[in-house]
Amino acid sequence: MPAARELLLDAAFTALGARPWHGVRMVDVAAAAGVSRQTLYNEFGSKDGLARALVRRESDAFLAGVERSLADTAGRPGADAGDCCAAVAFWTLRTARANPFVRAALTGCRGDRLPPAAAPPVPAPRTPQGLRPARGTASPAALAERIRDSALEAVGALGGPGRQHAPPQPAPDAMRRACEAAVRLTMSYVVAPAASDEEAAEEVARLVRALLGAAAVDQWAEPDS
């Protein structure tokens, strides 16, 4: 059985589907979770504390999904940078449509239904020791940077030791620009959706491959004599 903290967060998230945050009562959240109101206050201290914990959980779950999508795609034979960025795009668009917290974090538009709690810190990329120190807040720009860095890490592993038939690795600057463009295009689809998430993901893949193809031509082109 989930711990009381998770039950309370689930209850708060569900309550937001029926009413705006200012209309969510702590006593109702506690009752829906099957715990006492005192337990709720012991866990979060206040309604603002509950809001901050809820925003943090949804943001962390979204970022974990980004990395899971990248890991799954990068592990497939023949996967390239376009495939990785397309997987991130599909996950992002699907999650943003279903989760108002993720959509608010990606667009910067919270609206009146969501809590006005401060956004949680965005974890930095892995260090050699595997640590993730906090960095910045979950603004759209910070999230874009965080997603881009995760994509760069995954694409870098495509050509790592032990990978047979790995695609050639693009120049680091070119790969960084391509991942940045992919994330920005994905975020634009959150605001102005394509006909389907699959179509948007395919466009992201095409963009990445086109940018890297052009970069490869520039890299190997001989200078004018």
query = In this structure, is PHE13 assigned by TED's automatic domain parsing to the domain that holds ALA201, of a type outside the set (A, V, I, L, M) and farther than 17 Å from ALA201 by Cβ?
reply = no
inquiry  = Considering only segment 77-84, I want to know if a residue exists there that is surrounded by fewer than 20 Cβ atoms within 10 Å (Cβ to Cβ) and part of a helix (DSSP H, G or I).
reply    = no
note = Here the residues within segment 25-40 that are polar (S, T, N, Q) and part of a helix (DSSP H, G or I) are GLN38, THR39
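For segment 109-140, which positions are among the small types (Gly, Ala, Ser), at pLDDT 60 or above and surrounded by 13 or more Cβ atoms within 10 Å (Cβ to Cβ)?
Those that are among the small types (Gly, Ala, Ser), at pLDDT 60 or above and surrounded by 13 or more Cβ atoms within 10 Å (Cβ to Cβ): ALA117, ALA138, SER139.
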request  = Run down ALA89, ALA171 and say which single residue is more than 30 Å from ARG25 (Cβ to Cβ), out of contact with any Gly (no Cβ under 9 Å at 6 or more places or on another chain) and at pLDDT 95 or above.
outcome  = ALA89
remark   = Checked GLY75, GLY82 against criteria (without any contact (Cβ under 8 Å) to a residue 24 or more places away in the chain and closer than 30 Å to GLU199 by Cβ); the one match is GLY75
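Residue-by-condition table, conditions (1) surrounded by fewer than 19 Cβ atoms within 10 Å (Cβ to Cβ); (2) of a type outside the set (Asp, Glu):
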site: PRO2; (1), (2): yes, yes
site: ASP10; (1), (2): yes, no
site: HIS22; (1), (2): yes, yes
site: VAL29; (1), (2): no, yes
site: SER36; (1), (2): yes, yes
site: LEU50; (1), (2): no, yes
site: LEU54; (1), (2): no, yes
site: ARG57; (1), (2): yes, yes
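The values are calculated or read from the model by the stated rules, or taken from the named source; none is laboratory data. From a predicted model like this one, the values you see are computed outputs, not experimental measurements. Cβ sites come from the backbone with ideal geometry, for glycine too, and all protein chains shown count toward neighbours.
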